[in-house]
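To keep things clear, I will list the structure first and then write my remarks on it.
Since every read-out is calculated from the coordinates, none of them should be taken as a lab result. Every value quoted in this text rests on a predicted model; they were computed, and no experiment measured them. Reconstructed Cβ throughout: ideal geometry from the backbone, glycine too, with neighbour counts over all protein chains shown.
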Amino acid sequence: MAETPPRIAVRRTYKLYVGGAFPRSESGRSYPVTSADGSHLANAALASRKDVRDAVVAARKAFPGWSGRTAYNRGQILYRVAEMMEGRREQFAAEVAAADGVSAARAQELVSAAVDRWVYYAGWADKISQVVGGANPVAGPFFNLSEPEPTGVVGVLAPGGSSLLGLVSVLAPVITSGNTAVLVADERAPLPAVTLAEALATSDLPGGVANILTGRLAELAPPLAGHADVNALDLAGAGGLAAELEELAATTLKRVLRPGPEDDWADADPGLARVRPFLEIKTVWHPIGR
Amino acid sequence: MPDTIPGSLRAYLHGLPGVDEVGVQRRAAGLATRSIKTTAKRQAIDLAIRMVDLTTLEGADTPGKVRALAAKAVRPDPADPSVPSVAALCVYPDMISTAARALAGTGVGLASVATGFPAGRTSLEVKLSDTATAVEAGASEIDMVIDRGAFLAGDYAKVFDEIVAVKEQCGEAHLKVILETGELVTYDNVRRASWLALHAGADFIKTSTGKVTPAATLPVTLVMLEAVRDYQAATGRQAGVKPAGGIRTTKDAIRYLVLVKEIAGDDWLDPAWFRLGASTLLNDLLMQRTKLGTGQYSGPDYYTID
Amino acid sequence: MEIFEYAPAPESRAIVSIRPSYDLFIDGEFVAAESDRRIVSVNPADEEPLSEVAAAGDADVDRAFAAARRAFERVWSPLPGAERGKYLFRIARIIQERARELAVLESLDNGKPIKETRDVDLPLVAQHFFYYAGWADKLAHTGLGTRPLGVAAQVIPWNFPLLMLAWKVAPALAAGNTVVLKPAETTPLTALAFAEICQEAGLPPGVVNIVTGAGDTGRAVVSHPEADKVAFTGSTEVGRQIARAVAGTRKRLTLELGGKGANIVYDDAAVDQAVEGIVSGIFFNQGHVCCAGSRLLVQESIAEELLPRLRARIELLRLGDPLDKNTDIGAINSAAQLARIRELAAAGEAEGATGWSPACPLPERGYWFRPTVFTGVTQAHRIAREEIFGPVLSVLTFRTPEEAVAKANNTPYGLSAGVWTEKGSLMLWTASRLRAGVVWSNTFNVFDPASPFGGYKESGYGREGGLLGLEAYLG
């Protein structure tokens, strides 16, 4: 009697996340991803300029709906993302340990911090207006109110060296206020980003609000920075490209958050430092009369 | 003949464009900064004098007081014959015969308030007989008050019909309809009341009785000037505007003339189409006129108190 | 015989004494420039020279930054906020005391009517200093930190010379920064008068430095390595260049740039006030206003009623001597700007729009342009897309609120917009969808130091005014 052959495991395909769907790169390319210690983990999609273009289109399309939701609703959805991550924490922990080269215990801590960061920014959604905006006491018979609004489509370059916590720390503050994002994952450690995309897809986050690309920073960042329909850039992971990207962004006067030396992502209460750069303040005047 | 308004009066009046209070006040304040100097000031003062409805509406009015004021109306400055006469003398109905005798042959108009002035809280019969008495006694102009209570209660038809009836009673006399804007409060109401009065046949719309605060203001007058301007554009009929109450200085009067010029237009810069209801204003106009002539400031002792 | 026509009512220019030439203001003193280039500032209303100012060169700009750095480190940033505030209060008071003089000077140098400099510019300038003076000792309550950035490089435009100076200098100083400011080439004189006011206020030397000049000087100022912060108000094109120049540095940047503001009039609007708002929206300051309501979007169902009223109102505008107290429309600021306005107006005609202007006579000398309204304009016309920065209004129509908002937002700019309706919910619906930093509903072109001002998209970034105005100067 023949022995039962060993079961062959079903491996995951790591794909892009664009407009709520998981396409391969339109270029058909992929690239090998290795762990911090150099062993092969998987192949990730190698996104192209055209994938950047598609992601920007998806983000723009999602913007009116997402920014038009109530802040309460956005907060609930971000909280839902935290719930979805919690449910997959073992998967995240394993990927973070491999990607960041940390111990299993440290990886658990990083996953916890990432989950908590969603909760943190979920709570901000319906408080930003009250902290950043408000009524202004103008010297005349006018009701004058300043209110923050999301800037629009934000290009986000996820930081290196913190494949999940760093990623969440730059994505959540951008979308909590109603922006939509095109995020380029850490080139070296993109797998947690793809897993996050899968968590986002199973939360109630509308397709196109967060679009996640994996690939070469040097290939993806310039078209993103130069794209006229992108309103702002978070250069957290730009590295040596930061100056060039900022210059590209100047062509359409994008708002730019430069990489900061202090970006260690450990702070559990980062405040609005990563929220404010992607807000526009609208001030509305209205006469007070009979 | 009153105009025929299709559909309900309420729908019509509430269909007029709104008036933004802050906007109209800013426009009036902006026009108040017009700087009227030298020749323009001279023109303005003489025009303002010719537009004055010299008014006494006191319980203490006597024939003597009215005769003195009539003399002043005809020749405001006895020392200077170049000063024009005012437009009209405005008195209570019981003073008309006295005033008529004093003004006979002078060309100065004789206006009488009527219809239970100033509150207007009497029956239509009394209002009509009040009007008839005044016209019979020689009034060439009737200043009636509208029923503000009915207006504020939304009974526009009652206000309309009353104006129509009084207008009929006036015969040849010109009818000025006092809206008492200080009681209407909002500019929307002022606009609606203006159009209502115009459609009912008013020859003039007038801001105030002078017995309610606030009386005439620049923004209220501005809204009323817009009404007569637009009413003319809509119907072809020109009507006049009379702010009354609280206009005391030459500077005030000139600001009203600037409004007339820039809101209604030059066609209204005529006593036939714009009046200033006032009592103490006249002496200030005379003082400023002298100052322009002599270059020296004058004093109140040099003008008659009547 | 004339019944009542306004006579000339000129404000006396004797109140202001203009020196034949001005040096640079560096380290508390007027000092001769090392550069030997000079710029003549002319009165745009008669083309007569008013004065000659230095065109600061690189060495002059170096000196100014050195002075500002010294003052920042030794005097201004260590000074308690309350004391900094008192200097600003002093400046506010001196401006109030010298308001008429400054108003006349501004009208002479800029060409804008005295009515505006006297009733708008100068009161707002004083109020701006007064407002930020009070913040100087309250920075801990802003939620924006308390640390100043250092030396601010500031370049301002010619359309509101002294007011733009106030918008730049007051928050910078209140937050503890020192400044090197370059006024516009064609309007340097009130900034130099402000330098005298700094002296009169006893402001420590080097806290405010003013370097006059043209584009070269401006480039030297914004690209100076000692600048920790760059603040610019002006054209979107120059703003882009500055953003590129600043890329990759540690300099913080705020930009207040061009606009093509839509003024939306719904068919239930308070028509007479809407007409006023349209007029002030585009003809205030000859249309030299970045937030001008230069595109009138009128609901088709009311266009036929509104436009004749608008034309009748424009007929009343009095164009001429900026110093005449009854002048509504003054001179265009420069020959170059006049040429630009003419070019775009000609493009409007060439592209098939219909231009209309009142028959007002233009003075023989000076730079003038009649108030102009273009009808039959479509979104594709240059006059509907490009900032004209002059008294030229483009009229477009719309049918539904959705269309109004879509057309209003269909521009790379996003500075201002107007909404006219008597229906509150429609106002809020519209305002919430307009991608513009300032939305005036049932009013237009009103300003206040407590009210943040600034753009979306290519109209720039950062806000000036209010608590948020401090964000640009705190780190």
Item to complete: Assuming R0 = 35 Å, can you tell me the calculated FRET efficiency for the pair B:Thr235 and B:Ala153, based on Cβ-Cβ distance, to the nearest 0.05?
Response: 0.80
Worksheet item: Where a Cα-Cα gap under 19 Å defines reach, which lysines qualify for B:Lys251, not counting those fewer than 8 residues away within the same chain?
Response: B:Lys37, B:Lys41, B:Lys242, B:Lys261, B:Lys291, C:Lys115, C:Lys325
Worksheet item: Ratio of Rg to Rh for the protein assembly as shown, alpha carbon only, Kirkwood?
Response: 1.07
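Evaluate 2.2 N^0.38 Å with N set to the residue count of segment C:80-207, then give the Cα radius of gyration divided by it.
Values: Rg = 14.1 Å, N = 128, 2.2 N^0.38 = 13.9 Å.
In units of the 2.2 N^0.38 Å rule of thumb, it is 1.02.
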Response to the item:
The lysines whose Cα lies under 21 Å from the Cα of C:Lys251, excluding any fewer than 8 residues away in the same chain, are A:Lys254, C:Lys168, C:Lys182, C:Lys229, C:Lys457
Response to the item:
Computed over the Cα atoms of segment A:125-248, the Rg and Dmax in Å are 16.9, 58
Practice prompt. Let me have the 222 nm mean residue ellipticity of chain C computed from DSSP H runs of 4+ only, each contributing -39500 (n - 2.57), with the sum over all residues rounded to the nearest 500.
Written response: -11000 deg cm²/dmol
Response to the item:
Once normalised by the length of chain A, the mean sequence separation of its alpha carbon contacts under 8 Å that are 6 or more apart gives a contact order in percent of 24
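Please pull out the direction-averaged projected area of segment B:133-177, using the convex hull of its alpha-carbon atoms, in nm² to one decimal place. It would help to have the intermediate numbers written out before the result.
On the way: hull surface 11.7 nm².
Answer in nm², one decimal: 2.9.
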Worksheet item: What residues have an amide H closer than 5 Å to that of A:Val33, excluding those fewer than 5 places away on the same chain, when H is modeled at 1.01 Å from N in the peptide plane?
Response: A:Leu41, A:Ala42, A:Asn43, A:Ala44
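Provide, as a two-decimal number, the C-alpha radius of gyration of segment C:190-230 over 2.2 N^0.38 Å, N being how many residues it has. Show your work: numbers first, answer last.
Numbers: Rg = 12.0 Å, N = 41, 2.2 N^0.38 = 9.0 Å.
Cα-based Rg divided by the globular estimate yields 1.33.
Can you give me the orientation-averaged projected area of the convex hull built on the Cα atoms of segment C:7-145, in nm²? Provide the component values of the computation, followed by the final result.
Details: hull surface 43.1 nm².
If I average the Cα hull's projected area over directions, I get 10.8 nm².
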Worksheet, complete the sentence: Rh_Kirkwood(segment C:29-98) over Cα pairs, Å, one decimal, evaluates to 15.3
Worksheet entry | Compactness of segment B:102-159, expressed as Rg and Dmax over alpha-carbon positions, Å | 13.6, 45
Discussion item. How charged is the neighbourhood of B:Gly149? Take every other residue with its Cβ under 13 Å from the Cβ of B:Gly149, and add Lys/Arg as +1 and Asp/Glu as -1.
Written reply: -2
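Sorted by mean Cβ packing within 10 Å, highest first, what order do the peptides A:244-251, C:163-170, C:380-387 take?
So the peptides A:244-251, C:163-170, C:380-387, ranked by packing, come out C:163-170, A:244-251, C:380-387.
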Practice prompt. Read phi for every residue in segment C:445-453 and hand back ³J(HN,Hα) as whole Hz from Karplus 6.51 cos²θ - 1.76 cosθ + 1.60, θ = phi - 60°, with x for Gly and Pro.
Written response: 6, 10, 9, 7, x, 7, 9, x, 9
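Give, rounded to the nearest 20 debye, the magnitude of the charge dipole that the protein assembly as shown has about its Cα centre when Lys and Arg contribute +1 at Cβ and Asp and Glu contribute -1 at Cβ.
Details: 109 positive and 123 negative charges, 183 e Å.
That gives a dipole near 880 debye.
Need one number: the % of Cα-Cα pairs in segment A:65-114 sitting beyond the 12 Å mark. Show your work: numbers first, answer last.
On the way: 790 of 1225 pairs.
The answer is 64 percent, as a whole percent.
Work out the length of the dipole vector of chain B about its Cα centre, built from +1 on the beta-carbon of each Lys and Arg and -1 on the beta-carbon of each Asp and Glu, and round it to the nearest 20 debye.
Working: 33 positive and 35 negative charges, 195 e Å.
So the dipole magnitude of chain B works out to roughly 940 debye.
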Worksheet entry | Distance histogram in 10 Å bins (all Cα pairs of chain C, percent per bin) | 4, 21, 30, 26, 14, 4, 0, 0
Worksheet item: What are the DSSP H helices in chain B that stretch 24 Å or more along their long axis, judged by alpha-carbon atoms, and whose average Kyte-Doolittle hydropathy comes to at least 0.5?
Response: B:218-235
Response to the item:
Mean 1/r over distinct Cα pairs of segment C:343-459, inverted to a Kirkwood Rh in Å, yields 16.0
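For segment B:24-293, how big is the tail of P(r) above 22 Å, as a whole percent of Cα pairs? Display every interim value, and only then the final one.
Numbers: 18995 of 36315 pairs.
When every Cα pair of segment B:24-293 is considered, 52 percent fall beyond 22 Å.
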Worksheet item: In angstroms, what radius of gyration and Dmax does chain A have, counting Cα atoms only?
Response: 20.1, 95
Worksheet, complete the sentence: Listed by chain and number, the lysines with an alpha carbon less than 20 angstrom from that of B:Lys158, same-chain partners under 8 positions apart left out, are B:Lys127, B:Lys167, B:Lys176, B:Lys206
Worksheet item: Share of Cα-Cα pairs in segment B:168-301 beyond 22 Å, in percent?
Response: 38
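Over chain C, calculate the relative contact order: mean separation of alpha carbon pairs under 8 Å at least 6 apart, over the residue count, as a percent. Can you show the working numbers first?
On the way: 1117 pairs, mean separation 85.5, N = 475.
Reported as a whole number, the value is 18 percent.
Can you divide the C-alpha Rg of segment C:113-180 by 2.2 N^0.38 Å and report the result to two decimal places?
Taking the Cα Rg and dividing by 2.2 N^0.38 Å, one obtains 1.22.
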Worksheet item: Roughly what angle does helix A:49-68 make with the longest principal axis of chain A, taking Cα atoms, 0 to 90 degrees, to the nearest 10?
Response: 50
Discussion item. For segment A:122-260, what does the relative contact order come out to in percent, with C-alpha contacts under 8 Å and a separation of six or more?
Written reply: 23
Practice prompt. Just need log10 I(q)/I(0) for segment C:279-437 at q = 0.10, 0.11 Å⁻¹, Debye formula, equal scatterers on the alpha-carbon atoms, no solvent, rounded to two decimals.
Written response: -0.36, -0.44
Worksheet item: Out of A:Ala45, A:Val170, A:Thr251, whose Cα points farthest toward the positive end of the dipole of segment A:40-287 (charges: +1 Lys, Arg; -1 Asp, Glu; placed on Cβ)?
Response: A:Thr251
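In Å³ and rounded to a whole number, note down the convex hull volume per residue for the Cα atoms of segment A:161-226. Walk me through the numbers on the way to the answer.
Numbers: hull volume 5.6 nm³, N = 66.
Hull volume over Cα atoms, normalised by residue count, gives 85 Å³.
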